[in-house]
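The values are calculated or read from the model by the stated rules, or taken from the named source; none is laboratory data. Predicted model, so just to flag it, every value in this text is computed and none were measured. As a convention, Cβ positions derive from the backbone with ideal geometry for all residues, glycine included, and neighbour counts pool all protein chains shown.
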Amino acid sequence: MIPTPQKLRRVKYTWERFLGDCAGGLIAALIALPYGLSMAALMKLPPILGVVTSILTAPVTALLGRNPVLIGGTASATVPFIASAVRSQGIGGAAKVSIVAAVFMMVFCVMRLGRYVALVPQTVVAGFSAGIGAIMFISQINVLLGVPAVGGDNFVIQLIRVLAEAPGMRFAPLLLGGTVILTAALMMRWTPKLPAPLVGVAVATLLAQVFRFHEPEVGSLQLTLPPFAGFTWTPHDVLTVVPTGLTLAFVASINILLTSRAVEHFRGRHKQQKAADADSELGAYGIANLLAGIFGAPMSVGIPARSVANVRCGGTTRLSNLLHALFLFLLVSLGSGALAHIPLAALGGVTAWMGLNLLDVSAWKRLPKMRLMDASAFLVTAVGVLVVNAVAAVLAGCAFYIYLAAQRQYRITFSGRSVRTAS
């Protein structure tokens, strides 16, 4: 819908909002750089493609998407699908799977299937947000402790294994990451209008230079637009690529829509999302991922860390998403300056701090006061995200919610019949 002149006059875009969008876009780009590189490497793709995904898709999702502060990029949820395609058919296989998934996402939009995800109960969304926050924090513990990364069947096992490595921790990364967390927390308490994570990164970088900590840094990279991915379709792809693409589209769609709702909840906007907004969001990401897939870049889905960082630093409009892509491009193209010397431990501190925010301590405090079915759905979803995966956790949370609601309705109906029979 095109805004009327009356609505446009009511919207005041001030210098303060512009600076907030700049700060939000910059800190989101700082988080996106190492994360995108690592995710692409896990998929066995050239690492730079993880950054190319954000640069190519952000303008499309910013202009066509419904959530102005939702920032997408390469995510761990898509790693198994893309990595399997790369192992079997190389970059061309990744391109085929991503393109098929993007087409299915646009089909979901046309069929108006996104609105059904928008009906997920708010308690399940809150549990999803808390679980993602826990994952974000756990994923950065090894970075903050300066110990090797460990694997595991789920994030609870990873946490146990990382803590087992704690005796070998190093002081420097803990100081740098802790400085970011402490600075951001104090800034949010004293001056919430300033970009707290960005200030924390600046303080940690200054400490690293003053004390001459020799910690891994962002470094500089060479960004060039990759060529179109070459591939050929075979009859066998109908049995392999198409089912994988459909599953990937389903996983990506749920991730995008739930992340969008979680970010809106974090902004303090608890109003139920419009059905058309959810469908349009899928269409926007479908078009964006079709563009990324042509170049063999991995799919883009909603990234809670970048989106929450954007909000926390003052991002309020679509410009923050566009600036996130622009800053990311400049970081890679001109990253030989001061930004290249930002310690990775400082960025780990930003992600950990965002995870703590998404955990939403206030929601956990409200648990004893919640209705049984609300508290149960919240816990099932939050724990499920940690020990299984986000999609299964949301489905379990919804099923649990529906079961308890149906059970309650059955009791009410049965009690009503008993009263009528007695009378």
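Structural remarks
- Filtering V241, V218, V180, V203 for residues that are more than 19 Å from A305 (Cβ to Cβ), surrounded by 14 or more Cβ atoms within 10 Å (Cβ to Cβ) and in contact (Cβ under 8 Å) with a residue 40 or more places away in the chain leaves a single hit, V241.
- Residue that is part of a helix (DSSP H, G or I) and modelled with pLDDT of 90 or more, where the choices are A58, A83, A32: A58
- The residues of region 31-87 include none that are surrounded by 24 or more Cβ atoms within 10 Å (Cβ to Cβ) and free of Cβ contacts under 8 Å to residues at least 12 places away in the same chain.
- If you filter region 144-158 down to residues that are modelled with pLDDT of 90 or more and part of a helix (DSSP H, G or I), you find that the one that is nearest to A77 (Cα to Cα) is L144.
- The residue that is modelled with the highest pLDDT, among those in region 99-133 that are surrounded by fewer than 21 Cβ atoms within 10 Å (Cβ to Cβ) and either in contact with a Phe, Trp or Tyr (Cβ under 7 Å, 6 or more places away or on another chain) or on the phi > 0 side of the Ramachandran plot (or both), is R112.
- Looking across region 291-304 at every residue that is in contact with a strand residue (DSSP E or B) (Cβ under 7 Å, 6 or more places away or on another chain) and outside any loop (DSSP other than H, G, I, E, B), the one that is surrounded by the most Cβ atoms within 10 Å (Cβ to Cβ) is identified as G302.
- Tally of residues being of a type in the set (F, W, Y) and within 19 Å of the chain's Cα centre (by Cα) across region 345-377: 1
- Tally, over region 91-137, of residues that are in a loop (DSSP other than H, G, I, E, B) and either among the hydroxyl-bearing types (S, T, Y) or under 30 Å from T234 (Cβ atoms) (or both): 2
- Candidate set: region 244-297, residues that are over 14 Å from the mean Cα position of the chain (by Cα) and of a type in the set (S, T, Y); chosen: the one modelled with the highest pLDDT: S280
- Some residue of region 234-242 being on the phi < 0 side of the Ramachandran plot and either touching a Leu at 6+ places or on another chain (Cβ under 9 Å) or at pLDDT 85 or above (or both): yes
- Note on region 305-337: residues that are without any contact (Cβ under 8 Å) to a residue 40 or more places away in the chain and either buried (at least 24 other Cβ atoms within 10 Å of the Cβ) or over 20 Å from G50 (Cα atoms) (or both) amount to 1.
- Qualifying positions in region 87-98 - farther than 17 Å from A288 by Cβ and either modelled with pLDDT under 90 or among the small types (G, A, S) (or both): R87, S88, Q89, G90, I91, G92, G93
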